[in-house]
1. Looking for something closer than 16 Å to Phe13 by Cα, in contact (Cβ under 8 Å) with a residue 12 or more places away in the chain and surrounded by fewer than 20 Cβ atoms within 10 Å (Cβ to Cβ) - is there at least one such residue anywhere in region 85-93?
2. Scan Phe106, Phe41 and give me the residue that is hydrophobic (A, V, I, L, M, F, W, C), within 22 Å of Pro9 (Cβ to Cβ) and modelled with pLDDT of 95 or more.
3. Report the residue count in region 45-92 for those that are over 18 Å from Gly136 (Cα atoms) and of a type in the set (Val, Ile, Thr).
4. Looking at region 42-75, which of its residues are farther than 23 Å from Phe128 by Cβ and either surrounded by 13 or more Cβ atoms within 10 Å (Cβ to Cβ) or touching a residue at least 24 places away in the same chain (Cβ under 8 Å) (or both)?
5. Within the group Glu117, Glu121, Glu108, which residue is loosely packed, with under 14 Cβ neighbours inside 10 Å, over 17 Å from the mean Cα position of the chain (by Cα) and charged (D, E, K, R)?
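The values are calculated or read from the model by the stated rules, or taken from the named source; none is laboratory data. Quick caveat: nothing in here was measured; it's all calculated off a predicted structure. Here the Cβ is made from the backbone with ideal geometry for all residues, glycine too, and neighbour counts use every protein chain on show.
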Amino acid sequence: MGQDNYRTPDYVFDWLDKEFDFDLDAACNMENCKCDFGYDFEINGLKKCWEPLTTWLNPPYSDPYPWVKKAYEESLKGATVVCLLPADTSTKWFHEWVIGKAEVRFVEGRIKFINPETGRECKDSPKFGSMIAVYGPEVIPKILRVKRPDKPKG
């Protein structure tokens with residue numbers, strides 16, 4: 001199982017869901033879907049319409065390029081799309097589809113993703129930071145630094 005199947009920790013999703021109230025998970029499978037409605041590998045989210053929904057997107061980290069491009073394009077049609085992405089400013093996708101097009105929130109610290117088979121934090125979670133990219137008709141492109149939410153105790 002590769003890192004593309006890792007699940008966003010509930011505390012991270014809940015932190016953003018409180019602000020955005022998501023309707024759709026645009027890139028999920030049965031083990032990692034965060035919303036009541038989602039597009040999985042059979043129903044390819046890249047080929048579906050996301051607007052006017054408020055969309056959660058934790059794309060495959062092996063190739064975020066088509067997903068962030070789609071997020072931006074859907075925002076032009078009226079969707080609000082919130083993406084959890086690797087904080088990699090050296091990539092083509094960051095320069096073409098994130099910077100200047102989204103509100104970018106660099107998250108302090110690292111997020112440890114969840115293995116969908118065990119339900120536990122992955123020992124091989126990415127060794128890099130994360131960022132949140134927010135796209136939408138009312139979004140003003142800017143860069144922010146945000147504190148990662150605390151994991152619940154227990």
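1. Yes.
2. Result of the check over Phe106, Phe41: Phe106.
3. Counting residues in region 45-92 that are over 18 Å from Gly136 (Cα atoms) and of a type in the set (Val, Ile, Thr) gives 2.
4. Step one: list which residues in region 42-75 are farther than 23 Å from Phe128 by Cβ, which gives 42-55, 73-75.
Of everything in region 42-75, those that are farther than 23 Å from Phe128 by Cβ and either surrounded by 13 or more Cβ atoms within 10 Å (Cβ to Cβ) or touching a residue at least 24 places away in the same chain (Cβ under 8 Å) (or both) turn out to be Gly45, Leu46, Cys49, Trp50, Glu51, Pro52, Leu53, Thr54, Thr55, Glu73, Glu74, Ser75.
5. When all the criteria are applied, what remains is Glu117.
Residues checked against (1) closer than 24 Å to Val146 by Cβ; (2) assigned to a strand (DSSP E or B):
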| site | (1), (2) |
| --- | --- |
| Asp14 | yes, no |
| Asp17 | yes, no |
| Met30 | no, no |
| Thr55 | yes, yes |
| Ser62 | no, no |
| Val68 | yes, no |
| Ala71 | yes, no |
| Glu74 | yes, no |
